[in-house]
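Here's the structure we're looking at; comments come further down.
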Amino acid sequence: MLEDQNWVRRLAACETMGGAQEICSDKTGTLTKNRMTVQAYWNGTKLVEWDGDALVTNELPGAYQQLLADSIAVNSTGDLAHKQIVIKDGKGTTKDIIEPVGNPTECALLQYLEKLQIKYKPIRSSYDSRIVHKMPFTSDRKMMTTIVKHPDDPNKLRLFCKGASERVLRLCSQMVSASGQLVAIDNRAIGQIERDIIQNLASQALRTICIAYRDFDINEVHDLNEGDQKTGLLRVEHDMVCLGI
């Protein structure tokens, strides 16, 4: 039993467990690994799904691919620790593993970037001095926002947002087309996306996250903390561009 990693403190417990008909257990960390992975991506026009070690892609137009990477890398509190472990095979064989540090959902998105062959740490470092405001995720807001200085226009700021898709998508007024153009979306189009994409993914027991961004004038608000107390939304969290789900 020790070889099977079954630690028994009292031998009599084996007889008790042998007569058990139902066992109630905490699922996380017991039956699962408490780790998440990105299984599908909707880029605004197409739903791309994959499984296991299949090639990961999202078919997002080039310029918006970089925006997606910036958003995931910067608007996050997660991290990935790369470690080497020794396999007990008597040969001293080592194996590289990735140890998620922080929220499992955020770490899954960072791992998704790495599967796209995009390194998130250099992106995050390049934004260190450009972050002007952060609004962390809360259960009430169901979203997280980071505002940074615009990389090309000193008179503008850029907002990165991610969160529950049914929440963030309703704050978007545009999405990216297959040709890389921004197209307007209204409540009717958003409702269609919710039915065709979000509900479809949710029916597969997948957690859906919407990622969006917005560029706005630096003088649009005097205080970036200004917001609606009832909804918990900042004044600048509207008219965003949906980068995908």
Whichever residue in segment 203-239 is β-branched (Val, Ile, Thr) and touching a residue at least 40 places away in the same chain (Cβ under 8 Å) and, among such residues, is surrounded by the fewest Cβ atoms within 10 Å (Cβ to Cβ) = ILE218
message = For segment 203-245, which positions are over 29 Å from PRO61 (Cβ atoms) and either of a type in the set (D, E, K, R) or in contact with a helix residue (DSSP H, G or I) (Cβ under 9 Å, 6 or more places away or on another chain) (or both)?
response = ASP223, GLU226, ASP228, LYS230, ARG235
query = Do you know which of the residues in segment 138-169 that are open to solvent by 60 Å² or more (accessible area, probe 1.4 Å) and closer than 19 Å to ARG235 by Cβ is modelled with the lowest pLDDT?
reply = ASP140
message = Going by what's in this entry, would ALA184 be described as farther than 24 Å from ALA69 by Cβ, out of contact with any helix residue (DSSP H, G or I) (no Cβ under 8 Å at 6 or more places or on another chain), open to solvent by 60 Å² or more (accessible area, probe 1.4 Å) and of a type in the set (Gly, Ala, Ser)?
response = yes
message = Looking only at segment 211-236, count every residue that is within 18 Å of the chain's Cα centre (by Cα) and within 15 Å of ARG170 (Cβ to Cβ) and tell me the total.
response = 3
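Just to check your reading of the model, which residue among TRP42, TRP50, TRP7 is at pLDDT below 75 and either in contact with a helix residue (DSSP H, G or I) (Cβ under 6 Å, 6 or more places away or on another chain) or among the hydrophobic types (A, V, I, L, M, F, W, C) (or both)?
Answer to the check: TRP7.
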Within segment 170-181, tally of residues that are at pLDDT below 90, in contact with a strand residue (DSSP E or B) (Cβ under 8 Å, 6 or more places away or on another chain) and open to solvent by 30 Å² or more (accessible area, probe 1.4 Å) = 0
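Give ALA40, ALA63 a once-over and let me know the one that is open to solvent by less than 80 Å² (accessible area, probe 1.4 Å) and either under 21 Å from VAL183 (Cβ atoms) or not small (Gly, Ala, Ser) (or both).
Numbers: ALA40 fails: either under 21 Å from VAL183 (Cβ atoms) or not small (Gly, Ala, Ser) (or both).
It is ALA63.
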request  = Check off (1) open to solvent by less than 20 Å² (accessible area, probe 1.4 Å); (2) at pLDDT below 85; (3) of a type in the set (Gly, Ala, Ser) for ALA73 and give me the number that stays unchecked.
outcome  = (2)
task = Mind listing just one residue for me: the one in segment 94-137 that is polar (S, T, N, Q) and touching a residue at least 40 places away in the same chain (Cβ under 8 Å) and, of those, most open to solvent (accessible area, probe 1.4 Å)?
result = GLN111
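The values are calculated or read from the model by the stated rules, or taken from the named source; none is laboratory data. Owing to the predicted nature of the structure, the values given are computational and were not obtained by experimental measurement. No Cβ is skipped: glycine too gets one built from the backbone with ideal geometry, and neighbour counts run over all protein chains shown. SASA here: full protein model, heavy atoms, side chains in, ligands and nucleic acids out. Shrake-Rupley method; radii C 1.70, N 1.55, O 1.52, S 1.80 Å.
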